[in-house]
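Structure first, commentary second.
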């Protein structure tokens, strides 16, 4: 046989082998059937076991290995194990939730509990529209593990259920309570004799004073400029009331160009115009800007209450970081100065096709027990969504100010959720607009126009499922 | 004897072909198939939508913006990298001025060659993080140097849409040049010295030598470099994702990042992302073919 002939034959064999290989690997989209084999492990429900956990069913937990680490989860797993000693618990932690778990969702064999958080988070819009999440309603109705006479729902802080609900179904348990505000160092302010301003005019005057003292009044995460959208939208909501946020969340036409948003954008433009922002901030990422702030190069920064644990390694002793609400625009504000944005964050979910959905819900019940919640607070210095979780726990300085701000805000607290409904709108589109606005390249009108264009593009995109909330 | 070789050859050929089929061809084919669906990536449900994804692609301003940046990369990175690579390589092999038959490198050639190769040893991720710190507006090396020479307000580099893209482009060139210095250097070693000696006797300058002798004799190597760099320019994903994530305001976006962001980033439209991937596939293929065609010249053989 000639050499050429052999080559030709083997090439033909290769060609034939390819479709066969396709059959072997199967198509990426064909795995798993849609029958929803969730809850393969089902036990008998009883007073002791309201969720019907099968006591020897294995439980798989995947934790986002971010600012909170994974130790707290291991403690929760140990508590679960204590109650169900026969259950084998498989624990893993990753920073890349979507890349690690995507094939398993398609395959129909997802883990039982997923902490869907971080930059590699799976977009909730897609998860919900594909019915990939188990309904957690049963969990809410179940009695609390260690607070007698109360259901799990009764032990949660207000807003927790709303934030995790899509079209009225509670699908996502956001485990931590996060407060978004403006942060400063009490030490720096005491040393210089400054005090936090309650109105916008006073804030501008204070910025002038700070700048004259040779410190930049503001810095921000220039590479993730959406951090600055938080105080701006907060200012607008305090001026115009929670309906401002409702319109934005529901993608109402021209929601971003409401009068309140216009006034707020005009107000915030002042810190750009007067060069109150640390030079070079547009080129800093969140860590770099927060570190510059910790080093005393800037007085204010916008962040959520994870800031303290995120900056633990670089915060000087006695820095005493304090969170404060955005200054009021004036006496016409619908909400008082103390009103602050508080929301449940750090999402946990049970995939609809998990083998042990009952175990997943029971794991949540363990996390939401008083014991589980207090252990979390102690381990990671953050607030869980369980009322009274901080009782008798000594809080670090920053977290103590968070608790105080929450108390002061009370029923005036507000929130928005468009970032959960439409991840791209905040992460990409509003983010880009904020970058242009806070580096002074566009005017307030252009800024709001750009945000509105982003919201409109989401509203017109048929492949994105839309959600509405009532209030 | 002949018939005994057939099983041997087949047993060597089939496993690699099968592996290639399973891990390279079949994902490609699947990507083509997925690109015609509206698959959202987290369930097995995907509806056929025909060419709708490609129609969306044609009107997607963000994709075109990213493509424009890739086009700039394609036009600039290969030319600059090859020019710098040729310049450094020729300095290292024939830049010395010893007065004698001038075909020695500059002093310290070995050291330079080593130093140029450094970026090649580092992983791209490290390069990206390294340069991110260098470009840092407040504490970076670059702005430190600019301030030292008296510039009061140096730019914010990665935070400024005028510079961000070019900053990444510069890093791309920086990280590639070293390899091509070594590649071209090795190829230059293979050029017979008597050719250089002959043209030197004829009184050719070093520039003429480079243009008339070295480049024509290196043409095959340059062509390979060209194709590699062109393909790299159509990618650029890792550097961009780590250094700017496409920002500010999409000014440094590239098509690879668009695909990633559409599937694993801010959305999970795997069907649409596959369509972007398929478009990328054809772009890369056509660029590679074009580069091969336009660079084709007669091969010169020394003998």
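Taking (1) out of contact with any strand residue (DSSP E or B) (no Cβ under 8 Å at 6 or more places or on another chain); (2) touching a residue at least 24 places away in the same chain (Cβ under 8 Å); (3) within 14 Å of chain B (Cβ to nearest Cβ) in turn, residue A:381 satisfies each apart from (3).
Regarding residue B:195, is this residue over 25 Å from residue B:294 (Cβ atoms) and surrounded by fewer than 19 Cβ atoms within 10 Å (Cβ to Cβ)? Walk me through how you get there before you give the answer.
On the way: over 25 Å from residue B:294 (Cβ atoms): yes; surrounded by fewer than 19 Cβ atoms within 10 Å (Cβ to Cβ): yes.
Against the criterion (over 25 Å from residue B:294 (Cβ atoms) and surrounded by fewer than 19 Cβ atoms within 10 Å (Cβ to Cβ)), residue B:195 qualifies.
Restrict the check to the range A:276-295 and report whether at least one residue is closer than 24 Å to residue A:436 by Cα, modelled with pLDDT under 95, surrounded by fewer than 23 Cβ atoms within 10 Å (Cβ to Cβ) and more than 26 Å from the chain's Cα centre (by Cα). Yes, the range A:276-295 contains at least one residue that is closer than 24 Å to residue A:436 by Cα, modelled with pLDDT under 95, surrounded by fewer than 23 Cβ atoms within 10 Å (Cβ to Cβ) and more than 26 Å from the chain's Cα centre (by Cα). Taking the condition touching a residue at least 60 places away in the same chain (Cβ under 8 Å), more than 9 Å from every other protein chain (Cβ to nearest Cβ) and buried (at least 22 other Cβ atoms within 10 Å of the Cβ), does residue A:125 pass? So residue A:125 fails the test. All of B:169, B:114 fail the test of being under 28 Å from residue A:434 (Cα atoms) and in the same structural domain as residue B:214 (by TED's automatic domain parsing), apart from B:169. Scanning the range B:14-61 for residues that are touching a residue at least 60 places away in the same chain (Cβ under 8 Å), more than 7 Å from chain A (Cβ to nearest Cβ) and part of a loop (DSSP other than H, G, I, E, B) turns up B:35, B:36, B:49.
Do we have residue A:38 as at pLDDT below 85 and buried (at least 18 other Cβ atoms within 10 Å of the Cβ) here? For residue A:38, the condition - at pLDDT below 85 and buried (at least 18 other Cβ atoms within 10 Å of the Cβ) - is met. Just so you know, in the range B:129-141 the residues that are under 28 Å from residue B:67 (Cβ atoms) and at the interface with chain A (Cβ under 9 Å from one of its Cβ atoms) include one that is surrounded by the most Cβ atoms within 10 Å (Cβ to Cβ), and it is B:135.
Being in a helix (DSSP H, G or I) and closer than 18 Å to residue B:81 by Cβ is the filter here; which residues of the range B:232-242 pass it? Don't jump to the end; show me each part of the working.
Filtering the range B:232-242 down to residues in a helix (DSSP H, G or I) leaves B:232-233, B:237-242.
Selection gives B:232, B:233, B:237, B:238, B:239, B:240.
Summed over the range B:211-231, the residues that are free of Cβ contacts under 8 Å to residues at least 40 places away in the same chain and not in a helix (DSSP H, G or I) give a count of 0. The one condition from (1) within 30 Å of residue A:222 (Cα to Cα); (2) crowded, with 17+ Cβ neighbours inside 10 Å; (3) out of contact with any strand residue (DSSP E or B) (no Cβ under 7 Å at 6 or more places or on another chain) that residue A:446 does not meet is (2). Among the criteria (1) touching a residue at least 40 places away in the same chain (Cβ under 8 Å); (2) within 12 Å of chain B (Cβ to nearest Cβ); (3) in a helix (DSSP H, G or I); (4) within 23 Å of residue B:264 (Cβ to Cβ), the one residue A:437 does not fulfil is (4).
Selection of the range B:238-262 for residues being more than 9 Å from chain A (Cβ to nearest Cβ), touching a residue at least 24 places away in the same chain (Cβ under 8 Å) and more than 20 Å from residue A:288 (Cβ to Cβ) yields B:238, B:253, B:254, B:255, B:256, B:257, B:258. Mind checking whether some residue in the range A:444-451 is closer than 24 Å to residue B:253 by Cβ, assigned to a helix (DSSP H, G or I), touching a helix residue (DSSP H, G or I) at 6+ places or on another chain (Cβ under 6 Å) and more than 14 Å from every other protein chain (Cβ to nearest Cβ)? Among the residues of the range A:444-451, at least one is closer than 24 Å to residue B:253 by Cβ, assigned to a helix (DSSP H, G or I), touching a helix residue (DSSP H, G or I) at 6+ places or on another chain (Cβ under 6 Å) and more than 14 Å from every other protein chain (Cβ to nearest Cβ), which makes the answer yes. Confirm whether residue B:204 is assigned by TED's automatic domain parsing to the domain that holds residue B:114 and outside any helix (DSSP H, G or I). It is true that residue B:204 is assigned by TED's automatic domain parsing to the domain that holds residue B:114 and outside any helix (DSSP H, G or I). Go through A:387, A:373 for me and flag whichever is without any contact (Cβ under 8 Å) to a residue 40 or more places away in the chain and closer than 20 Å to residue A:159 by Cβ. Answer to the selection: A:373. Among the residues of the range A:210-224, write down those that are within 19 Å of residue A:195 (Cβ to Cβ) and in contact with a strand residue (DSSP E or B) (Cβ under 7 Å, 6 or more places away or on another chain). Correct list: A:210, A:211, A:215, A:216, A:217, A:218.
Note on the range B:142-165: residues that are surrounded by 17 or more Cβ atoms within 10 Å (Cβ to Cβ), without any contact (Cβ under 8 Å) to a residue 40 or more places away in the chain and under 10 Å from residue A:280 (Cβ atoms) amount to 5. Residue B:122 passes every criterion in (1) modelled with pLDDT under 90; (2) within 11 Å of chain A (Cβ to nearest Cβ); (3) closer than 21 Å to residue B:244 by Cα apart from (2). On the given criteria, is residue A:237 in contact with a helix residue (DSSP H, G or I) (Cβ under 6 Å, 6 or more places away or on another chain), farther than 15 Å from residue A:434 by Cα and in a helix (DSSP H, G or I)? It is true that residue A:237 is in contact with a helix residue (DSSP H, G or I) (Cβ under 6 Å, 6 or more places away or on another chain), farther than 15 Å from residue A:434 by Cα and in a helix (DSSP H, G or I).
Of all the numbered requirements in (1) touching a strand residue (DSSP E or B) at 6+ places or on another chain (Cβ under 6 Å); (2) buried (at least 22 other Cβ atoms within 10 Å of the Cβ); (3) in a loop (DSSP other than H, G, I, E, B), residue A:196 misses one, and that requirement is (2).
Considering only the range A:309-317, I want to know if a residue exists there that is assigned to a strand (DSSP E or B), away from every other protein chain (no Cβ under 14 Å) and modelled with pLDDT under 95.
First, the residues of the range A:309-317 that are assigned to a strand (DSSP E or B): none.
The answer is no, given that none of the residues of the range A:309-317 is assigned to a strand (DSSP E or B), away from every other protein chain (no Cβ under 14 Å) and modelled with pLDDT under 95.
In the range B:143-167, the qualifying residues are those that are more than 10 Å from every other protein chain (Cβ to nearest Cβ) and in a helix (DSSP H, G or I), and the one that is nearest to residue B:241 (Cα to Cα) is B:165.
Okay, residues lined up against (1) outside any strand (DSSP E or B); (2) modelled with pLDDT of 95 or more; (3) within 14 Å of chain B (Cβ to nearest Cβ); (4) under 29 Å from residue B:266 (Cα atoms):
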residue	(1), (2), (3), (4)
A:116	yes, no, yes, yes
A:140	yes, no, no, no
A:147	yes, no, no, no
A:162	yes, no, no, yes
A:178	no, no, no, yes
A:182	no, yes, no, yes
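Note on the range B:264-280: residues that are within 9 Å of chain A (Cβ to nearest Cβ) and either surrounded by fewer than 24 Cβ atoms within 10 Å (Cβ to Cβ) or in a loop (DSSP other than H, G, I, E, B) (or both) amount to 6.
If you go through the range B:281-297 one residue at a time, do you hit one that is within 14 Å of chain A (Cβ to nearest Cβ) and part of a helix (DSSP H, G or I)?
No: zero hits.
Within the option set A:404, A:424, being in a helix (DSSP H, G or I) and either within 20 Å of residue A:254 (Cβ to Cβ) or within 14 Å of another protein chain (Cβ to nearest Cβ) (or both) holds for one residue only, A:424.
The values are calculated or read from the model by the stated rules, or taken from the named source; none is laboratory data. Predicted, not measured: the structure shown is a model, and the values here were computed from it. As a convention, Cβ positions derive from the backbone with ideal geometry for all residues, glycine included, and neighbour counts pool all protein chains shown.
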